[in-house]
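Enquirer: If you scroll down you'll find the structure; I have some questions about it.
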């Protein structure tokens, strides 16, 4: 298939987000501290697949439920601020602390809201780790996985993780060769060039409001 | 007869291209910085065609694909998709060979052999269950592998995102497509139409994700296409893009409350993969 396989992106996006969500299930076990990043991704992926299969509300794309879970549980494992910072790029330096907070909040909402509709797509998917090329002692690694679905090619789904004092944190996701942060960069930069940081915050906020008002997933 | 139908199709296409501009005039939103990006000097033209494609999809292709999904049961649709996948494996094999990956080419051919027989003319992808991973290759990737850069982004009427290189690739792909060699014109046209509908039907439930995720849908799709194609050319292991995030993320310390500096990634290959480098097994 030559065109962008959006269907697969959809499913992969679910998993990407879901990896974070799965921590909701295992709140008392912050495995990130000692676990190797690939083992972490693997177990989280499997957890989330199970969780979605079991939870009818999540399958139905319950935005509120998903949002709540993310707010409460995901933050320790995904570095949304770093994601936002990288997506905003050079503009980040000009942004005030308040603007940075607003950007992070709105970008996070956009991502969560967008993917919340994807969970109903998960069926018999399985996650396989691909070979990792990290050295021991690396603080910043790419964990590569394939999602094997019902038919067609495997879905490439990779994660960038950074080691912090609080353990490994995901800060970028690659779906079928497309790094998420990279993909927002041009649009964000263009918006900042035209309307400044506040312009970007405004258009993110507006998009979120549209999504909220529109069809729910 | 064949050439007559082809002529009609070409005329139809030309008519559609022409109507693209009629339909899209004044409809596509052209931002003030249009065309300033080095990857997309043709942005203003591209946006018009993109807008036309969006309309063609909304009013024609998507409704047809929805009808197809509603009428045809899922097992049949899976069968149809697998049959087209089986045909595509022929082109995959050819391109893998041209890219100096004979092992992958052989794997593709085995897939065709198995799926065409045991898999009942491709209806079932039994080769996948036997561990033969499906490839995704085309002439655009082959040219890329040979060192041809993508050139400017270029949106094709009806076919969607492409680049100059991939447009030439697409033209070559026609000759690696078994359906191209079907003698019966009606069958050939029918086959190609069904393939388009099948592809679109697979994307139905995903469309709204894209609508929601993007601030600027045109640029979002453009950037995703360019990233993905680059990734495909390198079979999932593209050399790191120097212009990428490290450079932009200068102000790290201020942004990171936990104060951990990220190291330059050492996990991705610095060098361009050479064509006959063995691929880490199921990377695609």
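Enquirer: Under Stokes-Einstein, with the Kirkwood radius over Cα pairs standing in for Rh, what whole-number D in µm²/s applies to segment B:40-162 at 37 °C and 0.692 mPa s?
Expert: It diffuses with D of about 195 µm²/s by this estimate.
Enquirer: For B:193, A:45, B:116, what's the fewest-to-most ordering of other Cβ within 10 Å of each Cβ?
Expert: Ascending Cβ contact count within 10 Å gives the list B:193, B:116, A:45.
Enquirer: Now for a separate question. Taking Cα centroids, how far is segment B:154-206 from segment A:126-179 in Å?
Expert: If we compute the Cα centre of each part, the gap is 32 Å.
Enquirer: A further question on this structure: Would you mind computing Rg(Cα) / (2.2 N^0.38 Å) for segment B:43-109, counting N as its residues?
Expert: 1.65
Enquirer: At q = 0.15 Å⁻¹, what is the log10 ratio I(q)/I(0) for segment B:80-239, with the Debye formula run over Cα points and no solvent?
Expert: Values returned for q = 0.15 Å⁻¹ are -0.95.
Enquirer: Same structure again: Hull surface divided by four, with the convex hull built on the Cα atoms of segment B:130-218: how many nm²?
Expert: Orientation-averaged projected area of the Cα hull: 8.7 nm².
FYI, it's all coordinate maths here, none of it is from the lab. As the structure is a computational prediction, the values presented were derived from the model and not from experiment. A quick note on method: Cβ atoms are made from the backbone with ideal geometry, for glycine too, and the neighbour counts reach across all protein chains shown.
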